[in-house]
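Peer 1: Take a look at this one; I'll ask things after.
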Amino acid sequence: MRRLRSLIRDSVKLSWSADRRAFVITTVLQLLGALIIAAQVLIVKAVLEAILDVTDNDADVGRVLVPVMLLAAVTALVAVSAAVQANQQRLLSELVMRTTWQRMLDVAGAVGLRAFESPDFYNRLQRVETNALTRPFQLTQGLIGLIGGAAGCIGLSAAIISLEPVLLPLLLLAGVPLYFTTRRGSRLEFEFAVTQAPRLRMREYLGTVQTGRDEAKEVRAYGLAGALRERFDRVYDAFVDDLRVHLRRRTKLAVAGNAASAAFLALTLLALVWLVSRGRVGLAEAGAAIVAIRILAQQVNMLFKSAQQIFESGLFLNDLDDFVAMQPAAEKAEAGGPAPASFGSLTADGLTFTYPGSTAPVLRDVSINVNAGEVVALVGENGSGKTTLAKLLAALYEPDGGNIRWDGTDVASYSRASVRSSIAVVFQDFVRYFLSARENIGLGRAERLDDEAAILAAARRAGIDDAIAALPAGLDTPLTKMFKGGRDLSGGQWQRIALARAFFRNAPFVILDEPSASLDARAEHELFQSLRDLLGGRTVLFISHRFSTVRTADRIYVLHGGEVIEHGSHDQLMDLDGHYAELFRLQAAAYLSPADS
């Protein structure tokens, strides 16, 4: 009962915060319906008495008219109330679901990137998305059903007591088996959801791979449709096999509970027959009692079914509460002092970092320095730690060791969000938002999304303005064919959209992680040569695999195996004749003809 009280309190708070007006209307209508049901029993008794009086005593037929009309009016009122209540309940459930979505998205947006490296986090997120987003609807239904069921039981109990008190205890005992079987069934449902979360994630992923637009070309090029479908079927078959076992267990519980409940109901009816045979209950009272017993049995069943919904949904909402509890810790980790006032230098000293779940560090004792107005390049083979270092400098991860100082101040003393607001990042796997061109650029600084002049200026600097002007609705054209009137862009054009987003952010420190991977070598070289002009003297950290494009950088850091092994200007590094010079010559031989070399 303590658990039930706690869940009812939480569900009332959730429903009240979603829409108090809809909650009040739905609750009042549920209570009204319960009271009308109780009144129906007494009206049925009056109708039966009037009919018996007419048939046995030749009374005036008109005597039946009033109770019959009253019964018809009450029946109509119940129907109208149920229709209004259903609409209000649907609205309330949708609003509760929206509130839950908001809570989940707040957490997903607040937690650090480390969480997204953890399978446990994805399992919890899967359970929340699959269950906690629909369970509030059931919780609301269960709460309202519980209120109506309790009110109906009370009203009908009073009606039955007025007819024959001895019948009530037998009827109420019918709910005891349901109480135990529904609670056990709820626990089984939650345990099943927890164990199946990884399998459901894999099923969802395999479905996405086979239906996704970006994956479609490779699936067809390699003839993967059959193999992926077979893998999808295996995962789904395993889930269905477990589901069958789970449902058999729940069915057995339901059969046992309802059979025991029906036995008590039969015992009640036998008791009523015995009372009639003894003359303690008249025919009119017996008829009304049968109606009351039947309706009360339904109300008791609804009461415990609603309690089951609350218990079952409560288990999933506990999961949601645990998920939401991550937000304060995440926000605390993000908290700090005000934003940096300016940008003079960024210094990383002795950085080490290991991804969650891994034992090998990605970065080992890495130190670099970036001064205002400089263009600094990071080069190295795949897996050397360049992108990870960029993420640390962008305040997306915290290092395991070492520190990062902004103008001599440890960035840990600043708010993480405020540090990020002073940085613009273009990652090699940048996001292609299925939104308008205006939004794809304007999201670089969302609070200035209505600044069309600045958006167009950023597009010009990125060299994508002509392509945008050629779109059917210009800046307002959706950059996807998923929506009507939308258009897709080429890989190179998308790359320029991402650059425009970074330009629009107008931050003093810009990180470009292979921003020209979809551009040809000439376009990338031209981009790098014009960076100083394009970014108006801002500080740039540039990551590239093409060493020839970074020759004019003020300083080049060479990463290998998670360590900085060389740094200096291009000429200095070539004079060293070390790792950088060797890789530069290998790339030159690969890209250029002997004559060009």
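The values are calculated or read from the model by the stated rules, or taken from the named source; none is laboratory data. Just so we're clear, the structure is a prediction, and the values are computed from it rather than from any experiment. Neighbour counts are summed over all protein chains in view; Cβ atoms, including those assigned to glycine, are modelled from backbone coordinates with ideal geometry.
Peer 1: Quick one: would you say Leu125 is modelled with pLDDT of 75 or more and either surrounded by fewer than 21 Cβ atoms within 10 Å (Cβ to Cβ) or assigned to a helix (DSSP H, G or I) (or both)?
Peer 2: Against the criterion (modelled with pLDDT of 75 or more and either surrounded by fewer than 21 Cβ atoms within 10 Å (Cβ to Cβ) or assigned to a helix (DSSP H, G or I) (or both)), Leu125 qualifies.
Peer 1: I would also like to ask the following. Working carefully through the options Ser415, Ser384, Ser358, Ser367, find the one that is among the hydroxyl-bearing types (Ser, Thr, Tyr), in contact with a Leu (Cβ under 8 Å, 6 or more places away or on another chain) and either buried (at least 21 other Cβ atoms within 10 Å of the Cβ) or more than 13 Å from Ala348 (Cα to Cα) (or both).
Peer 2: Among Ser415, Ser384, Ser358, Ser367, only Ser384 is among the hydroxyl-bearing types (Ser, Thr, Tyr), in contact with a Leu (Cβ under 8 Å, 6 or more places away or on another chain) and either buried (at least 21 other Cβ atoms within 10 Å of the Cβ) or more than 13 Å from Ala348 (Cα to Cα) (or both).
Peer 1: Where residues in segment 178-208 are within 22 Å of Ser306 (Cβ to Cβ) and among the basic types (Lys, Arg), which of them is surrounded by the fewest Cβ atoms within 10 Å (Cβ to Cβ)?
Peer 2: Within segment 178-208, the match that is surrounded by the fewest Cβ atoms within 10 Å (Cβ to Cβ) is Arg187.
Yes/no matrix, rows are residues, columns are (1) touching a residue at least 12 places away in the same chain (Cβ under 8 Å); (2) over 19 Å from Arg201 (Cα atoms); (3) of a type outside the set (A, V, I, L, M):
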position	(1), (2), (3)
Glu215	no, no, yes
Tyr236	yes, no, yes
Asp242	yes, no, yes
Gly257	yes, yes, yes
Phe264	yes, yes, yes
Leu269	yes, yes, no
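Peer 1: Just to verify a result, which residue in segment 312-322, among those that are touching a helix residue (DSSP H, G or I) at 6+ places or on another chain (Cβ under 7 Å) and surrounded by fewer than 22 Cβ atoms within 10 Å (Cβ to Cβ), is modelled with the highest pLDDT?
Peer 2: Asp319
Peer 1: Could you say whether any residue in segment 428-447 is more than 25 Å from the chain's Cα centre (by Cα) and surrounded by fewer than 17 Cβ atoms within 10 Å (Cβ to Cβ)?
Peer 2: No, that holds for no residue.
Peer 1: Filter segment 402-455 down to the residues that are part of a strand (DSSP E or B), at pLDDT below 90 and of a type in the set (S, T, N, Q) and list them by number.
Peer 2: Thr409
Peer 1: Which residues, counting only those in segment 456-472, are in a helix (DSSP H, G or I) and farther than 20 Å from Leu435 by Cβ?
Peer 2: Arg460, Arg461, Asp466
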